[in-house]
1. Can you give me the angle between helix 297-309 and the longest principal axis of the chain, using Cα atoms only, in degrees from 0 to 90, rounded to the nearest 10?
2. Could you please tell me the mean projected area of the C-alpha convex hull for the chain, averaged over all directions and given in square nanometres to one decimal?
3. When all alpha-carbon pairs of the range 316-452 are counted, what percent fall beyond 24 Å?
4. Taking a label point 7 Å from the Cα of Asp330 along the Cα→Cβ vector, which residues of the range 381-421 have an amide N closer than 19 Å to it?
5. Scan around His155 for amide H atoms under 5 Å from its own, H built in the peptide plane at 1.01 Å from N, and keep only partners 5 or more places away or cross-chain.
6. Excluding residues fewer than 8 places away in the same chain, name every one of the aspartates and glutamates whose C-alpha is closer than 15 Å to that of Lys62.
7. Tabulate in residue order the Karplus-calculated ³J(HN,Hα) for the range 61-74, using 6.51 cos²θ - 1.76 cosθ + 1.60 with θ = phi - 60°, rounded to whole Hz; enter x for Gly and Pro.
8. Using alpha carbons only, how many degrees (0 to 90, rounded to 10) separate the axis of helix 188-199 from the longest principal axis of the chain?
Amino acid sequence: MAKIGYPFTLGVASGEPTSSGVIIWTRLAPDPVGLDPGRPGGMPAETVPVRWQVAEDERFTKIVATGTAQAGPQWAHSVHVKVDGLRPAADYHYRFSVPAASGGATSPAGRTRTAPARESGDPVRFAAASCQRYEHGHFSALGHIADERPDIVFHVGDYIYEGGRPADPPPGRYVRPLERPERTCRTLRDYRNRYARYRTDADLRAAHAAAPWTPIWDDHEVRDNYAGTRPGDGSDPEEFLRRRTAAYQAYYEHFPLRVRPVGTGLHMYRWRPYGRVADFLVLDARQYREPGDMLGRAQEEWLVGRLDASTARWKVLVQPTFFARRQFPDGSLSTDAWDAFPAQRARVLSAVDGGLVVLSGDVHNNWACDLADDAGRPVGVEFVGTAITSAPPATDNAAILAANPHIRFHDGHRGYMSGTAGPDGLELAYRVVDFVDRPGSPVRTVAMFGVEGDRLKGLISDAGLKSRDQPPSN
Ligand SMILES: [Fe+2]
């Protein structure tokens, strides 16, 4: 076995919590963005046994589970360990090590947490992030998520951006370099190195090490505005499917998922129950997309069935794109978000009897919306979270507010959402940073909402119902 350099450069992560277990993850990559085609991450083409430990305490004196996972070249020396037999609603700590023959290194420790038992009424603290274009800024917002140590972190897409360095970026926009060569991702090595470049950011590693994540992708994990097996630009679909398959593989290799890619697909829609309080329903709005159909028939049937059967106080859709109707000032609608799929949206809305909460991202601005069914009956709310770093589009946000009375709040900072769902209420804070063009921005709450009668209720007196548009900081 070859000696390798320090292999835990990409940190550790956990995810997909149930009431009895989590997945813990790491990937061995002594040279995270190395270009040697025979050595992804700088690893030799051999399998390395990786020892793992899960403990009740930070000092690893009360170890409750341990074992060895094989890290092989097929999955870029990533390991995904299913840990089971844990207590519900409990904190755990985990770490990895490689044998002395491979250098004997031990990883940093991560903290994770299981979901509550089915009958539990305990509140769940969650954070939601999206749109973290690396070259657009520093990930201070993710560092603040780490500080909050939520029970679970959702990422609703655009975890990476596949693009390369633009020929002529707007002044001040290109804040830090991508991995070399700074080109658009097309191959497995490109996507692997893009994830690895992102994970060289200490704030991103800290957010993964602080709490279990349940992510869902949007388009930029593969290609801007792709739909199903169609690239969206009229290029060769067979070539695109090969590219999508590579992108999905790299995605799997960098997240603690419960499932592996099968053929050209990766099953991403899923249900994460948190006691009697919340059913989190995570939706894949990209992989099965067809004209007129965002989710695909199987996923829609699954979703409607889950919504129908749910007895949880809150039914939370965790998904990438703007769900509420959003008419632009010129009368047009988005062709990439739910406005392009109104019949499917109506079917989803008619499957709920209230208590609906939609978490979304994609538009690089904070918005909050009331949701009603076709008959105008309030059924819940949508919280659209801004970007971690990605620059906002040039839209007239005051005019969007004026044209859409059910959209009740806008804010133009970068940041994330932080919420608490309990049996008697749900509160959500829009947490924002003041700058991303350098590290170290503080964080503050710019607005906070509750839900009353399946409608938004402003909880910070003056923060409820008007635009707080700010010029972007970069
Ligand atoms: Fe984005």
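1. It works out to around 70 degrees.
2. The orientation-averaged projected area of the Cα hull of the chain comes to 21.3 nm².
3. Here the long-distance tail beyond 24 Å is 29 percent of all Cα pairs in the range 316-452.
4. The answer is 393-404, whose backbone nitrogens lie closer than 19 Å to the label point.
5. Close amide H contacts, sequence-distant or interchain: Ala129, Thr214, Ile216.
6. Excluding near neighbours in sequence, the set is Asp91.
7. 8, 10, 7, 10, 7, 7, x, 10, 10, 9, 9, x, x, 4
8. Computed tilt is about 80 degrees.
The values are calculated or read from the model by the stated rules, or taken from the named source; none is laboratory data. As the structure is a prediction and not an experimental result, all values here were calculated from the model. Every residue, glycine as well, gets a Cβ built from its backbone with ideal geometry; the counts of neighbours run over all protein chains shown. All accessible areas refer to the heavy atoms of the entire protein, side chains included, with ligands and DNA or RNA removed. Shrake-Rupley method; radii C 1.70, N 1.55, O 1.52, S 1.80 Å.
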